[in-house]
Amino acid sequence: MNNIIKIANQDFSYKITKSKKGVIRLSISRDGSFRVSKPWFVSKRMVKDFLFKKSDWILDKFKNFVKEDFIKLNSENNQEYQKNKKKSLNFVRERVEMLNRFYKFKFNKISIRNQKTRWGSCSKKASLNFNYKIIFLPLDLADYIIIHELCHLKEFNHSPKFWNLVAIACPDFKERRKKLKNFSFNELK
């Protein structure tokens, strides 16, 4: 659900997500949308107060976003996605088949998406979704993402049980996770 805040006579839409970290975080995407991550104990009122305190920063960031750039970026991104979608799907299917030999988990389908901030996800209906840019990653990092999502089929959380499952096929998952954080979605092609 999107929320609205008025800053300098302009309405800004934002999404609130929950965070396990004890701080409020604000992030703005290149498309101009923004998200606030907050711990459970922070109220919506506190989020609004936080946003008002950050209003100069928000306005400054939005000045840098020019509509024509968004259209161009989204158009190029969509062309890149269409060009690589089938190749990504074939790659992911092959790797899932190979990596799932460790687990033998059942899943419904595999989808390739043009996601802006996620490498992968697993739905409660046992569908595995992956960002098409996974094919541009080194194989060890692509495998880590696939293993991570496969393990969510059994443990739909990030508990110690989940990480123990990941470690079965990927004992160095902590190092791979660190390496993955260095890859930017917008620069990866």
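The values are calculated or read from the model by the stated rules, or taken from the named source; none is laboratory data. This one's a predicted model, so the numbers in the text were calculated from it and none came from an experiment. Counting neighbours? That spans all protein chains shown, and the Cβs are built from the backbone with ideal geometry, glycine included.
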Inset, instruction - May I ask you to list pairs of residues, at least six apart or on different chains, whose Cβ atoms are under 9 Å apart, with the first in the range 40-58 being more than 18 Å from Gly22 (Cβ to Cβ) and hydroxyl-bearing (Ser, Thr, Tyr) and the second being at pLDDT below 85 and not in a helix (DSSP H, G or I)? - result: Ser55/Ile5; Ser55/Ile7; Ser55/Ala8
Inset, instruction - Those residues that are assigned to a helix (DSSP H, G or I), out of contact with any strand residue (DSSP E or B) (no Cβ under 8 Å at 6 or more places or on another chain) and surrounded by 11 or more Cβ atoms within 10 Å (Cβ to Cβ), I need them from the range 95-106; list them, please. - result: Arg95, Met98, Leu99
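Residues that are surrounded by 10 or more Cβ atoms within 10 Å (Cβ to Cβ) and at pLDDT 85 or above: list the strands (runs of 3 or more DSSP E) wholly contained in the range 1-83 that include at least 3 such residues. Explain how you work it out, then say what you get.
Details: elements: 2-7, 10-18, 25-28, 34-38.
In the range 1-83, the matching strands (runs of 3 or more DSSP E) lie at 10-18, 34-38.
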Inset, instruction - Collect the residues in the range 1-20 that are touching a Leu at 6+ places or on another chain (Cβ under 7 Å) and closer than 12 Å to Lys44 by Cβ, keeping them in residue-number order. - result: Ile5
Inset, instruction - Select from the range 107-141 the residues that are assigned to a strand (DSSP E or B) and touching a helix residue (DSSP H, G or I) at 6+ places or on another chain (Cβ under 9 Å) and list them in ascending order. - result: Ile110, Ser111, Ile112, Arg113, Gly120, Ser121, Cys122, Leu128, Asn129, Phe130, Asn131
